[in-house]
Amino acid sequence: MNTESIIEKFKEKFNSDILEIVMKNQKRIIITMRPDSIINVAAYLFKTAGFRFIIASALHTKNGFEIHYHFSKDSVGLILNIHVILDKDNPQIESLSNMFNASNWIEREMHELLGINFLNHPNQEKLLSEGNWAEGVYPLRKEFK
Amino acid sequence: MSKKTLIPIGPYHPLQEEPELFKLYCDGEIVKDVKWETGYNHRGIEKLSESKTYEQIFFLVERICGICSSSHPFAFANAVEEIADIEITNRTKYIRSIIGELERIHSHLLWVGLAGHFLGYNTVFMWAWKYREPVLDLFEMISGNRNSYAMFKVGGVRRDIEEIKIQVIQKVLDDIKKKTDLLTGAVMDDPVIHARTKGVGILTKQDIIDYGAVGPTARASGVAIDVRKDDPYAAYPLVNWKVITAEAGDVFAKAEVRLLEMYESISIIEQCLDGLKKEKEGEISVKVKEIPEGIGNGRAEAPRGEVFHFVQSDGSNSPVRHKIRAPSYVNIATFKKSCIGQTISDATISLAAVDPCYCCTERMAAAYDLESGVKLMNANELINESVKRTNELKKTIMSKL
Amino acid sequence: MGFKNYCFKKSLWVFHFGGASCNNCDIEILDCLTPRHDLERFGILLVGSIRHADVLLVNGSINIHDKERLIEVYNQAPKPIFVVAIGACGCTGGFFTDSYTFAGPVDKIIPVNAYVPGCPPKPEAIIAGIIKLVQNS
């Protein structure tokens, strides 16, 4: 199993949801996808293709709120970034934490730092903001003119 | 009717060092649920990163965690060098790997000491920390500081390891090998330690995969993942070494993996020192013009597992976004699984076995409801419970011999 | 030499409060107890409760969540108590003064008697700091 065959299989399954593929080299690939496909993509990567969920990085840009879900295929050293762009006024996406526990904490953290809503999260409670900053304040958001 | 009692560990327990509040909900002697309260250590590092230059960020990420002090700059350097497609020299690779492995040795020795303390073996604590001192002296010789070495920069390292230092390192390593034999023998052959740690705090392979756990915590349950082998960087593909795993997934397996990894680290450093002798002195950095626009995923194997840095650059002097994930972030979450169903006297050693580096992670704030009928046991008393159990076991086992 | 000063010249009991820190200073403080530096031969002990302590060691940049706890710990301490701020973060906030959770260096929250700068300060520096403090009191 090498990177090419993994990506070919992925493209077959999710052709209609893929917006863009950027292949930096054999070990670093970024695939931009539609946000509503995230549950099926994560289920395929975690359960069928044997990827491990590393972490998710969220950022605030002029396009809106972007999230990179980082998955690792340890046998070939591949990091696959699943990149989604969310609406800037009402950022929300389905939570992955009902599928596996690895994303539980980071989704809560992204919610506190950027205000992204994770739908159906099993316990979207405070993670680090208690006593540190107020409700409705999102420290990692930026001001765009 | 069974009473639920609430037993907090922390927040300012002298030997857990960092503030973290674990609340154990117990039914008699057995732990039924774990909730934790964090937020004590959040320093806003990711936001700070966005206002510092790439060179300054190396000093910032070093201070995320004192024990894995070189792993964060390592992963960050990998990420930035990936964005800019920088090829580092062989000498840089060897020096970086030497620093990474020396750190692994001192971190595992620190862990052995703390685990010994939690079990009630204070002598192990004192010995392990005494044997750490020569490693810290080596760091002081190489970099000028015992911790926070400031050795990394984009495209290279900041100080060289010359011929005379190589000889000193070799001598100290020979000494450490003997001391590691002593410690391994003392810990691995002791029947009381077997009784206290075998079958305690078990994590199955499925648990590891579900939580995405990494490092010795994962390798002790048979999941053979190690960034140095899976996604090789620096000098690791240039030397011979093997990934240490165990099958049982309990505290004993985790201790075994860490102790045996120290031998592999010593071997890697010796091979890197040989490699250094073949490379030209002084070639420790390459010229870096600018960091272009792009995305970098950098990772490194810290003593506790995989450190991951995501850097997005827009061509300016500071990153647009710098996401840091330390191994303890995913490993500490497994504590819930490994602690529930154990007795309270085993709770501290189950927690210590994950080797939580709290300052790498952040503590979470989780609201909890206080059950009525509460007997509060503070952190010292919890350790005393653990020590009491060790003493009981000692009596039973010694009387059978 | 008054009665209070006479008492302080004997074995000091030390309580350690770690704020939002990277742990380097915490480990160097613990290192003072290990065989190479061995503070216990002077009778200096690390205690588990502030109510038994003569000296309060504070390190780490204090974030908003820790601030109340620091004030609480200081109020619970039996007076007179010596407060020592350890490390760059304890003395001035170090790297983290610009952060959105920074709640001021230690001396803006509780009165401090001595500062031991360094990142981290070596165990020798910490010991020298405590001894200077006792001699000058």
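The values are calculated or read from the model by the stated rules, or taken from the named source; none is laboratory data. From a predicted model like this one, the values you see are computed outputs, not experimental measurements. Neighbour counts run over all protein chains shown; Cβ positions are idealised from the backbone, glycine included.
Structural remarks
- Restricting the range B:88-131 to residues that are of a type in the set (F, W, Y) and either part of a helix (DSSP H, G or I) or within 29 Å of B:F76 (Cβ to Cβ) (or both) leaves a set whose member that is modelled with the lowest pLDDT is B:F118.
- Considering the range C:92-118, the residues that are polar (S, T, N, Q) and without any contact (Cβ under 8 Å) to a residue 60 or more places away in the chain include one that is nearest to B:R43 (Cα to Cα), namely C:S99.
- Set C:P117, C:P123: member being more than 8 Å from every other protein chain (Cβ to nearest Cβ) and either surrounded by fewer than 19 Cβ atoms within 10 Å (Cβ to Cβ) or aromatic (F, W, Y) (or both): C:P117
- Residue-level check: of (1) at pLDDT 85 or above; (2) under 12 Å from the mean Cα position of the chain (by Cα); (3) more than 24 Å from B:E46 (Cα to Cα), C:G87 misses just (3).
- Subset of the range B:213-263 [of a type in the set (D, E, K, R) and over 19 Å from B:R299 (Cβ atoms)]: B:K242, B:E247, B:D250, B:K254, B:E256, B:R258
- Residues within the range B:203-230 that are under 19 Å from the mean Cα position of the chain (by Cα) and in contact (Cβ under 8 Å) with a residue 60 or more places away in the chain, tallied: 14
- Residue that is surrounded by the fewest Cβ atoms within 10 Å (Cβ to Cβ) [pool: residues in the range A:109-126 that are within 11 Å of another protein chain (Cβ to nearest Cβ) and over 21 Å from A:K142 (Cβ atoms)]: A:N123
- Scan of the range A:26-57 for residues that are crowded, with 21+ Cβ neighbours inside 10 Å and either within 8 Å of chain B (Cβ to nearest Cβ) or hydroxyl-bearing (S, T, Y) (or both), ordered by number: A:R52, A:F53, A:I54, A:I55, A:S57
- Every residue from the range C:51-110 that is in a loop (DSSP other than H, G, I, E, B) and either charged (D, E, K, R) or more than 13 Å from chain B (Cβ to nearest Cβ) (or both): C:D54, C:P78, C:K79, C:P80, C:I81, C:G104, C:P105, C:I109, C:I110
- Helices (runs of 4 or more DSSP H) within the range B:168-248 that include 3 or more residues touching an Asp or Glu at 6+ places or on another chain (Cβ under 6 Å): B:227-230
- Pick from the range B:48-71, criterion over 20 Å from C:A88 (Cα atoms) and of a type outside the set (D, E), ranking: nearest to the other protein chains (Cβ to nearest Cβ): B:S51
- Here B:F335 clears all of (1) part of a helix (DSSP H, G or I); (2) within 11 Å of chain A (Cβ to nearest Cβ); (3) touching a Pro at 6+ places or on another chain (Cβ under 9 Å) except the condition numbered (2).
- Test: residue in the range C:98-108 that is on the phi < 0 side of the Ramachandran plot, under 15 Å from the mean Cα position of the chain (by Cα) and crowded, with 17+ Cβ neighbours inside 10 Å: yes
- Members of the range A:111-145 that are free of Cβ contacts under 8 Å to residues at least 24 places away in the same chain, of a type in the set (A, V, I, L, M, F, W, C) and closer than 20 Å to B:R321 by Cα: A:L128, A:V137
- Any chance B:N147 is surrounded by fewer than 22 Cβ atoms within 10 Å (Cβ to Cβ) and under 27 Å from B:G215 (Cβ atoms): no
- Which listed residue is within 18 Å of B:A115 (Cα to Cα) and free of Cβ contacts under 8 Å to residues at least 24 places away in the same chain, from B:D190, B:D174: B:D190
- Which numbered condition C:L133 misses (of (1) surrounded by 14 or more Cβ atoms within 10 Å (Cβ to Cβ); (2) more than 14 Å from chain B (Cβ to nearest Cβ); (3) under 30 Å from A:L140 (Cα atoms)): (3)
- Yes/no for A:E94 being surrounded by 15 or more Cβ atoms within 10 Å (Cβ to Cβ), of a type in the set (D, E) and at the interface with another protein chain (Cβ under 9 Å from one of its Cβ atoms): no
- Yes/no for B:N317 being modelled with pLDDT of 75 or more, surrounded by fewer than 16 Cβ atoms within 10 Å (Cβ to Cβ) and outside any strand (DSSP E or B): yes
- B:A150 being within 14 Å of chain C (Cβ to nearest Cβ) and not in a helix (DSSP H, G or I): yes
- The range C:37-50, subset free of Cβ contacts under 8 Å to residues at least 60 places away in the same chain and either in contact with a helix residue (DSSP H, G or I) (Cβ under 7 Å, 6 or more places away or on another chain) or within 15 Å of C:A103 (Cα to Cα) (or both), residue farthest from the other protein chains (Cβ to nearest Cβ): C:I50
- Selection status of A:H68, touching a Lys or Arg at 6+ places or on another chain (Cβ under 7 Å), under 29 Å from A:E112 (Cα atoms), within 12 Å of another protein chain (Cβ to nearest Cβ) and of a type outside the set (A, V, I, L, M, F, W, C): no
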